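Peer 1: A single structure is presented below for examination.
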Amino acid sequence: RSRLRLTYEQALAVIEGRTPAGFPAEARTRIEAVHALAQGLRRRRFERFALDLEMPEVEFVMGPDQTIQEVRVSGADPSHQLIEECMVAANEAVDAELSQRGLKLLHRVHEPPAEEKIAELTQELQSLGFQPGNLNIPRNMTAFLGSIRNDPLAHHAQTAVLRSMKRALYSPKADGHYGLAKRYYAHFTSPIRRYPDLVVHRILAATLAGARPPYQNEAIGALAEHCSLTEQRAEQAERSLMEIKKYRYLEQQLRQHPEAAYD
């Protein structure tokens, strides 16, 4: 039902006032309005002590012969933030609606970090020259991450913070999401690529149709455990693949520029 499909680059051009000639005026107006809404949602999240841990992502551009042609580093620009905030809002709304109706579903849960992990994190940050304060208090964690955004050691500090965090899991209990500062949160927006979202879609569809829930309560618990495990396996496989690609790229560079090995 899309009336207009855009790339992130096209949406960013609208947001930055670089709209190309012939671009539909209605689409420009809507993008500008949703961008303003997304930035408002984003500000409110951080006011509630969500964690700003957006870090650059590495993308490998493959050539026709399947060798790596380029390595790009991409950040989260306002066009990506627009989509992200809309997805977070949808995930929260669906979880809150189903939870308040007393229905069992797969929640996306992120527990606060353990005190001993925070103690280790504080020591590591102090060794980097930071004075983070008491990071057991969410307000202080959010303030610290905001204060280092432009620091040369920001990446190292953010990585240390990430390592101190517990892993997000799927759970039949709505125990909240620490990183996003949400009381209710479920994965809902990607049912074509992530099974937990499909489960939540089925529960919502049955609820809206006035039908019985498609899953027994015991099944939800088993699904939460299984989906958490398979997600961890997928993440490990992805990390391993990225490492392989990095080493192949370095090997490729050494073959093309053998003198670089002695620089």
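Peer 1: Check Phe188, Phe130 and return the single one that is open to solvent by less than 30 Å² (accessible area, probe 1.4 Å) and either in a loop (DSSP other than H, G, I, E, B) or touching a Gly at 6+ places or on another chain (Cβ under 8 Å) (or both).
Peer 2: Numbers: Phe188 fails: open to solvent by less than 30 Å² (accessible area, probe 1.4 Å).
On inspection, the qualifying residue turns out to be Phe130.
Peer 1: For Tyr178, indicate whether it is modelled with pLDDT of 95 or more, open to solvent by 30 Å² or more (accessible area, probe 1.4 Å) and touching a Cys at 6+ places or on another chain (Cβ under 9 Å). Write out each step before concluding.
Peer 2: Working: modelled with pLDDT of 95 or more: yes; open to solvent by 30 Å² or more (accessible area, probe 1.4 Å): yes; touching a Cys at 6+ places or on another chain (Cβ under 9 Å): no.
Judged against the criteria, Tyr178 is not a match.
Peer 1: Oh, and also: Quick check: anything in segment 192-201 basic (Lys, Arg) and not in a helix (DSSP H, G or I)?
Peer 2: Of all residues in segment 192-201, those basic (Lys, Arg) come to 193-194.
With the extra rule that they be not in a helix (DSSP H, G or I), the set shrinks to 193-194.
There is at least one residue in segment 192-201 that is basic (Lys, Arg) and not in a helix (DSSP H, G or I).
Peer 1: Filter segment 192-216 for residues that are touching a residue at least 40 places away in the same chain (Cβ under 8 Å) and more than 17 Å from Leu229 (Cα to Cα); which is most open to solvent (accessible area, probe 1.4 Å)?
Peer 2: Looking only at segment 192-216, we keep the residues that are touching a residue at least 40 places away in the same chain (Cβ under 8 Å), and these are 196, 199-200, 203-204, 207, 213, 215.
Subset that is more than 17 Å from Leu229 (Cα to Cα): 200, 203-204, 207, 213, 215.
Details: Val200: 0, Ile203: 5, Leu204: 30, Thr207: 28, Pro213: 79, Tyr215: 42 Å².
Looking at the filtered set, the residue picked out is Pro213.
Peer 1: One residue is enough: does segment 173-180 have a residue meeting the conditions assigned to a loop (DSSP other than H, G, I, E, B) and more than 20 Å from the chain's Cα centre (by Cα)? Give the steps one after another, and end with the answer.
Peer 2: Taking segment 173-180 and keeping what is assigned to a loop (DSSP other than H, G, I, E, B), we get 173-176, 178-180.
After this cut, where a residue has to be more than 20 Å from the chain's Cα centre (by Cα) as well, the list is 173.
Yes: segment 173-180 contains one or more residues that are assigned to a loop (DSSP other than H, G, I, E, B) and more than 20 Å from the chain's Cα centre (by Cα).
Peer 1: Could you list, ordered by first residue, the pairs with Cβ atoms under 9 Å in which the first is in segment 74-87 and within 14 Å of Glu32 (Cα to Cα) and the second is polar (S, T, N, Q) and at pLDDT below 95, at least 6 apart or interchain?
Peer 2: Between residues of segment 74-87 that are within 14 Å of Glu32 (Cα to Cα) and residues that are polar (S, T, N, Q) and at pLDDT below 95, the close pairs are Ser79/Thr7; Ser79/Gln10; His80/Ser74.
Peer 1: Now, a different point. Given the criteria part of a helix (DSSP H, G or I) and surrounded by 15 or more Cβ atoms within 10 Å (Cβ to Cβ), does Ala224 qualify? Talk me through it step by step, then tell me what you get.
Peer 2: Values: part of a helix (DSSP H, G or I): yes; surrounded by 15 or more Cβ atoms within 10 Å (Cβ to Cβ): yes.
In short, yes.
Peer 1: Looking only at segment 145-158, count every residue that is surrounded by 14 or more Cβ atoms within 10 Å (Cβ to Cβ), farther than 13 Å from Gln131 by Cα and in contact (Cβ under 8 Å) with a residue 40 or more places away in the chain and tell me the total.
Peer 2: Looking only at that region, the number is 1.
Peer 1: Also, I was wondering about something else. List every residue pair whose Cβ atoms sit under 6 Å apart, with the two residues 6 or more apart in sequence or on different chains, where the first one lies in segment 116-144 and is charged (D, E, K, R) and the second, anywhere, is open to solvent by less than 50 Å² (accessible area, probe 1.4 Å).
Peer 2: Lys117/Ser164; Glu124/Ala160
Peer 1: Find all pairs meeting these conditions: Cβ atoms under 6 angstrom apart; at least six residues apart or on different chains; first residue within segment 1-12 and farther than 14 Å from Gln81 by Cα; second residue part of a helix (DSSP H, G or I) and not hydrophobic (A, V, I, L, M, F, W, C).
Peer 2: Here the result reads none, with nothing in segment 1-12 linked to a residue that is part of a helix (DSSP H, G or I) and not hydrophobic (A, V, I, L, M, F, W, C).
Peer 1: With the structure loaded, tell me whether Ser164 is surrounded by 14 or more Cβ atoms within 10 Å (Cβ to Cβ) and at pLDDT 95 or above or whether it fails that test. Don't jump to the end; show me each part of the working.
Peer 2: Values: surrounded by 14 or more Cβ atoms within 10 Å (Cβ to Cβ): yes; at pLDDT 95 or above: yes.
Criteria met by Ser164.
Peer 1: Output the number of the condition that Asp77 fails; it satisfies all remaining conditions of (1) closer than 21 Å to Glu47 by Cα; (2) more than 15 Å from the chain's Cα centre (by Cα); (3) of a type in the set (Asp, Glu).
Peer 2: Only one criterion in (1) closer than 21 Å to Glu47 by Cα; (2) more than 15 Å from the chain's Cα centre (by Cα); (3) of a type in the set (Asp, Glu) is unmet by Asp77, namely (2).
Peer 1: Only strands (runs of 3 or more DSSP E) wholly contained in segment 22-114 count here; list those with 1 or more residues that are surrounded by 17 or more Cβ atoms within 10 Å (Cβ to Cβ) and modelled with pLDDT of 90 or more. Even if it seems obvious, please write down each step before you answer.
Peer 2: On the way: elements: 57-62, 68-74, 107-109.
In segment 22-114, the matching strands (runs of 3 or more DSSP E) lie at 107-109.
The values are calculated or read from the model by the stated rules, or taken from the named source; none is laboratory data. All values reported here derive from a predicted model rather than from experimental measurement. All Cβ positions, glycine included, derive from the backbone under ideal geometry; neighbour counts span all protein chains shown. Remember, those area values only see protein heavy atoms, side chains included, never the ligands or the DNA or RNA. Shrake-Rupley method; radii C 1.70, N 1.55, O 1.52, S 1.80 Å.
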